[in-house]
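Remarks on the structure that follows.
The values are calculated or read from the model by the stated rules, or taken from the named source; none is laboratory data. For clarity, every value in this text was computed on a predicted model and none was experimentally measured. Quick reminder, even Gly has a Cβ in these numbers, built from the backbone with ideal geometry, and neighbours come from all protein chains shown. Accessible surface areas use protein heavy atoms only, side chains included; no ligands, DNA or RNA. Shrake-Rupley method; radii C 1.70, N 1.55, O 1.52, S 1.80 Å.
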Protein chains: 2
Amino acid sequence: MAENAADDGATSEGRPARPDLAAMIVPLGRALMAAEQPVLDAHGLTMWAYTVLLHLEETPIRTQAALAGAIRADKTRIIAVLDDLEARGLIHRQPDPEDRRARLLSLTTEGRRLRDAAQSAIQQGEERLLARLPAADRSGFLRSLETLSALPELAPGKPERTTGRKGPH
Amino acid sequence: MAENAADDGATSEGRPARPDLAAMIVPLGRALMAAEQPVLDAHGLTMWAYTVLLHLEETPIRTQAALAGAIRADKTRIIAVLDDLEARGLIHRQPDPEDRRARLLSLTTEGRRLRDAAQSAIQQGEERLLARLPAADRSGFLRSLETLSALPELAPGKPERTTGRKGPH
DNA sequence: GCAGATCGTAAGCGCATGCCTATGAATTCT
DNA sequence: AGAATTCATAGGCATGCGCTTACGATCTGC
């Protein structure tokens, strides 16, 4: 295993020993989203709505702007989503007594129930994929994902100035 | 290892032991793409162009339609990309002598050089990310990615009927 | 040789999205 | 009190994309 880079990365600058991370991960994400779609449809949720439900539970969110930032959505774009979720009794949107400009967002019991049901079904489908991995790699894979997801340089940062999407990935 | 799901998935249907795969992978892919962008800019390549260069080398592609399918692009959309790449001497686009409707696509030496340079730079950046993973997990992570990428159910399949993008991820 | 299918190309439609601006309500600073 | 800021909301603009249609050139089957 000289500079031929057997399982080493492309550190040696030659032709790559592996595909680009993005070239593997982005399509993977695409496929996962595609797999989610039917489940979400079955639960009457859009991807945005599901994302909102997920993030409302995970961290205490106070302002809609904060929520929008957290899920990388436009502040003005989640309004309709929230309107819908509220109308269906899945979330509460009460004016903050401390700062009546803001609307306090929280899940209703019904919302939590739906979120749990959808997420459970989704993760069940994902497990079918993970089952394809050698058991030895599986937990490491998940651990690695969680590690990378927590990295600061992966944080939303700041979309510096792009209109709409960019590339194929 | 009861139903409490320590490192097990959400098979037991309760609150999830981990975030959704998509919720971790999609942002990761987004971040990777964002990290690629400056490198591509520096090499004078768009994401589409880079993707084309990558796929032209990897598998012998004969028709533009096949290429478009392989990179999940619209047949009509890569034309401009190919025009540009050809004009810059990075690819050849000769009419197939066997079927003069088709254009044979191939990388020029210059194209291969640029592709190698860009990919090398990109993977170098990716290595910095991978370095954050415990060495024990790293190779397994990459192996898992390659495994999952090769899965048939992750293959482009067929975008069944979506207009533009869909969700937040 | 003619009909139908295929390839590359061009042009247009519709859609989802991000960004910007404006408006009104409420808060904070001076 | 008045000015500046923040929040939620609404509307409009521009972009990137997928899909469809159309067209000419070409290949294939009859």
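For the condition within 16 Å of DNA strand D (Cβ to nearest atom) and of a type in the set (A, V, I, L, M, F, W, C), B:Leu104 qualifies. So, B:Leu90, is that one in contact with an Asp or Glu (Cβ under 7 Å, 6 or more places away or on another chain) and open to solvent by 50 Å² or more (accessible area, probe 1.4 Å) or not? Against the criterion (in contact with an Asp or Glu (Cβ under 7 Å, 6 or more places away or on another chain) and open to solvent by 50 Å² or more (accessible area, probe 1.4 Å)), B:Leu90 does not qualify.
A:Arg128 fulfils the conditions (1) outside any helix (DSSP H, G or I); (2) modelled with pLDDT of 90 or more; (3) more than 18 Å from B:Asp137 (Cβ to Cβ) except for a single criterion, (1).
For the range B:117-136, the set of residues classified as open to solvent by 50 Å² or more (accessible area, probe 1.4 Å) and not basic (Lys, Arg) consists of B:Gln124, B:Ala131, B:Pro134, B:Ala135, B:Ala136, listed by residue number. Scanning the range B:117-135 for residues that are hydrophobic (A, V, I, L, M, F, W, C) and at the interface with chain A (Cβ under 8 Å from one of its Cβ atoms) yields B:Ile122, B:Leu129, B:Leu130, B:Leu133. Of the residues making up the range B:50-69, those that are under 19 Å from B:Gln119 (Cβ atoms), within 14 Å of DNA strand D (Cβ to nearest atom) and either at the interface with chain A (Cβ under 8 Å from one of its Cβ atoms) or touching a residue at least 40 places away in the same chain (Cβ under 8 Å) (or both) number 2. One residue stands out among those in the range B:30-85 that are away from DNA strand C (no atom under 11 Å from the Cβ), β-branched (Val, Ile, Thr) and open to solvent by 50 Å² or more (accessible area, probe 1.4 Å): the one that is farthest from A:Arg30 (Cα to Cα), which is B:Thr59. Applying the criterion of being among the aliphatic types (A, V, I, L, M) and outside any helix (DSSP H, G or I) to the residues of the range B:95-116, the residue that is surrounded by the most Cβ atoms within 10 Å (Cβ to Cβ) is B:Leu105.
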